[in-house]
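What follows is calculated from the coordinates using simple rules that are stated; it is not laboratory data. The structure displayed is predicted, hence computed values, not measured ones. All Cβ positions, even for glycine, are placed from backbone atoms using ideal geometry, and neighbour counts span all protein chains on display.
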Amino acid sequence: MEFAHPLVLLSLPVVVLLFLWRRRNSHEVGALRHSNLQLMASGGTSVRVVLSRLLPWVKIVALLMLFVALAGPRIAHRSEKIEGQGIDIILSLDVSGSMRSLDFEPDDRLGAAKKVIREFVAGRPHDKIGLVVFARKAFTQCPLTLDHPVLTGFLDEVEIGLIEDGTAIGLGLATAVARLRHSDSPSRTVILLTDGENNVPTLEPETAVELARTLNVRVYTVAIGRQGLVPLPVDDPIFGRRTHQVETKIDLELLQEIADATDGQMFEATDPDALVKIFETIDELETARYETTVSTWYRQLLPWFALPALFLFLLEGLLSASWLRRLP
């Protein structure tokens, strides 16, 4: 047996001490004047006298049982079985200027990617997931975590313009792989999502691929967007925001090489539905044995203490007001 509110039990000694103190200080000795006390010598002690002396103890027992009931007595029944281990996943998301392209209406490319990533994260409660964003530079937006509401909160804050414009695919991949170097998961995965070509020579993609192979990290690459002319909003200082047709190109060959070298796969998403299906496919491919049964239920014992306490209070009150009533 355990208690939901065990601190209540700390008051039990105080209650007992107060009862004993009050009983000691309120004890009255009766006196009777009589001309011949020998006539009362054979009176003895009646049952009513004995029971009247026990009434205060009935009250204290009832009070103690009431405090035990307030502490929430219960019996816990637990069933726990946890096996396996989740997958560690880093999402590496391109936030370069071309991710504003409007070929994923009603969202731009970044908005569509964030929406699908949010659903992907919600469907993997046992996996530690992190987020890396890159443009000309790369940084960790959220480290690996099981606290997915925190992760999605950081995802909501991702905007184009946080980093100087450019597309550093190699740096984005290397930063994501580096976040997994201390992972002890049996499966470590990077999902790299971009819509361009590597145009920042800070770190070549081949070097990042070698790092991923060394750490046994599988990389899924996702090319998001159509190639060719796509609508792209541009902020004009005179005319305000306007939409222009801009030529975009995605290095599909590089993305395929990255996936092949790390035992991953390369996907192309040219519309929102295709992007959703790609993440569903990745979700099916990245599975790890995981069995969990954690359930706890309680059998409440409060009535077993509260009802007898109520009965004793009523019994003491009735007896002290009737058969065991003490006359002044």
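Values computed for the structure shown
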{"item": "Approximate spin-label separation ASP273-LEU12, in nm, with each point projected 7 Å along Cα-to-Cβ", "result": "6.8"}
{"item": "Cα-centred dipole magnitude for the range 89-233, charges only on beta-carbon of K, R (+1) and D, E (-1), debye, nearest 20", "result": "420"}
{"item": "Projected label distance in nm at GLU284 and LEU229, using a 7 Å step from Cα toward the beta-carbon", "result": "3.7"}
{"item": "Extension gain from ARG118 to GLN256, taking 0.36 nm per residue of separation minus the Cα-Cα distance", "result": "47.2 nm"}
{"item": "Rotationally averaged projected area of the range 86-287 (alpha carbon convex hull; nm²)", "result": "10.5"}
{"item": "DSSP bridge orientation in the range 163-267 - percent antiparallel, rounded to nearest 5", "result": "55"}
{"item": "Long-range amide H partners of ILE90 with built H, under 5 Å", "result": "GLY130, THR189, VAL190, ILE191"}
{"item": "Built amide H within the under 5 Å cut-off of VAL246, gap 5+", "result": "VAL230, LEU232"}
{"item": "Zone of LYS249's modelled label, taken as backbone nitrogen in the range 188-210 under 17 Å from a point 7 Å along Cα→Cβ", "result": "195-201"}
{"item": "Calculated FRET efficiency for the pair LEU315/ALA4, C-beta based, R₀ 45 Å, to 0.05", "result": "0.95"}
{"item": "Gap separating the Cα centres of the range 152-170 and the range 179-231, nearest whole Å", "result": "15"}
